[in-house]
1. On alpha-carbon atoms, Rg over Rh for the chain using Kirkwood Rh?
2. With θ set to phi - 60° and the Karplus curve 6.51 cos²θ - 1.76 cosθ + 1.60, what are the ³J(HN,Hα) couplings of the stretch 195-204 in order, to the nearest whole Hz, using x for Gly and Pro?
3. What is the percent carbon and sulfur in the accessible area of the stretch 130-208, measuring with a 1.4 Å probe over the protein chains and ignoring ligands?
4. Which value results for Rg/Rh of the stretch 58-98 when Rg is the Cα radius of gyration and Rh the Kirkwood radius based on the inverse mean 1/r?
5. Check which residues have an amide H placed less than 5 Å from residue 107's amide H, if you skip close sequence neighbours.
6. How about residue 423: which aspartates and glutamates have a C-alpha closer than 13 Å to its C-alpha, ignoring those fewer than 8 places off in the same chain?
7. Considering only DSSP beta bridges whose two residues both sit in the chain, what percent are antiparallel, to the nearest 5?
8. Can you work out ³J(HN,Hα) from phi for every residue in the stretch 438-444, in order, using Karplus 6.51 cos²θ - 1.76 cosθ + 1.60 and θ = phi - 60°, giving whole Hz and x for Gly and Pro?
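The values are calculated or read from the model by the stated rules, or taken from the named source; none is laboratory data. Just so it is clear, the model here is predicted, and its values are computed rather than measured. Areas reflect the complete protein model, heavy atoms only, side chains present, ligands, DNA and RNA absent. Shrake-Rupley method; radii C 1.70, N 1.55, O 1.52, S 1.80 Å.
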Amino acid sequence: MNSSKKAIVNSIEKHQARLIQISDSIWAHAETAFEEDDSSKILADYAQANGFAVERGVAGMPTAFVATYGSGKPVISVLGEFDALPGISQKAQPTKSPLEDGAAGHGCGHNLFGTASLGAAIAVKELIETGKLKGTVKFFGTPAEEKFFGKIWMVKEGLWDDVDVNLSWHPSAKTEADVQSTLALIDFKVEFFGQAAHASADPWNGRSASDALELYTTGINYYREHIKPTVRIHYHIQDGGQVVNVVPDYSRLWVRVRDTKRSGMMPVYERVKAMAEGAAILANVDYKISLISGIYEVLVNRAGGAVMQKNLELLGPITYTDEETEFGRRIQQETGKPQLGMDSDISPMEVTKENPGGGSTDVGDVSWNVPNINLSVTVAPKDTPWHSWAVVACGGMSIGHKGMVHAAKALGMTMADLFESPKLVEKIKSEYKERKGEEVYEPMVPEGPPPIGNN
Ligand SMILES: [Zn+2]
């Protein structure tokens, strides 16, 4: 490890107790998309207290912010998420038990995500302050990753235009430089409008919006036979009528289409939209389609990934106490998984797959606007069901804390590499240009402000 990396590691260890406190506080607040007022403030205040210039409420979102330190080139940034998921509240214990019935919980570990990234940015800032590194470091506080995808509006605002390389990470059940893409996704709302009537006395006066909804989902489900295996179609019925003795005059669904690439997703999206007209004709009702938001697949950068991988190897694996291993085994037992304990070995960098499967993230949109380096770090035992109480449990105790501190170090060390090697930055940029090719990025959101206060 060179002296900059040693200084990064020392800084993170110096701030470790405070970082854990911040992460635990965000974990306990467990605020969902666009309601992350306290979580965002905790991080923004901490950045400000550490000498960053903080711009709050960027891109029309009160909980989005940018923290900047330094001046000139290069400009290196890191992403921090902090939103929770509804309904999966859980105590920091290995058996299922909500902290508060029905409340939200950090089932994706975003309390660790935001805090680790800010910890890394602060460590880099300290090296800029002493003159050891030259340039600018930015931390992006990015809200609503789990719903609506706040980063799209930040990208649309051009917030990454002056950035040379961006870094991101995600809590995981394994530790690796992440060189896999994600799925592109598009969300839209379908509404049907009919005529209400008594369901028994005069049903001939009624035109049923819920008939249209059922015909529509039937159409989607028939269509599944004719889509490519990489495509996913999901829907959530948000309103299917209120009571049994009224012909419903209104129904609403949230529909989502995904594919490994945006280019494959768009024709499916057009087809699924067109089916709404068919259903409306069959049920003799009116319909309306509204785009909610859509995100790109992640543009991988292997040159950046290789730098991250080297730093993971320098750091070595995370080590666990017997109590932590036992905690992990208990989680595995409770979720019906083999009791293998924690997996903190550093996996070798994978071949980038053509069809990665898995989920989607609005990091994708950032990655089409600036070269992006991704990292996964273990914060939960192997095979843990994600977006579940089990991840919430680990994120509020030492297994999650260890992963967070580890991620902060790996991010900070990789940023130090980028500040110290313009050649490396150029290599990463040229891979980015090559992968992006002729594709012109178009944000997939409707005109107007982000959907704050909507659900
Ligand atoms: Zn997540």
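1. On the Cα set of the chain, Rg over Rh gives 1.01.
2. 10, 6, 7, 5, 5, 10, 6, 9, x, 5
3. Summing carbon and sulfur atoms, their accessible area is 49 percent of the total for the stretch 130-208.
4. Here Rg/Rh amounts to 1.22.
5. Here the answer is 85, since their amide H atoms fall under 5 Å of that of residue 107.
6. Partners within reach: 164, 431.
7. Once the DSSP bridges in the chain are tallied, antiparallel ones form about 70 percent.
8. Calculated HN-Hα couplings, in order: 8, 4, 9, 5, 10, x, 9 Hz.
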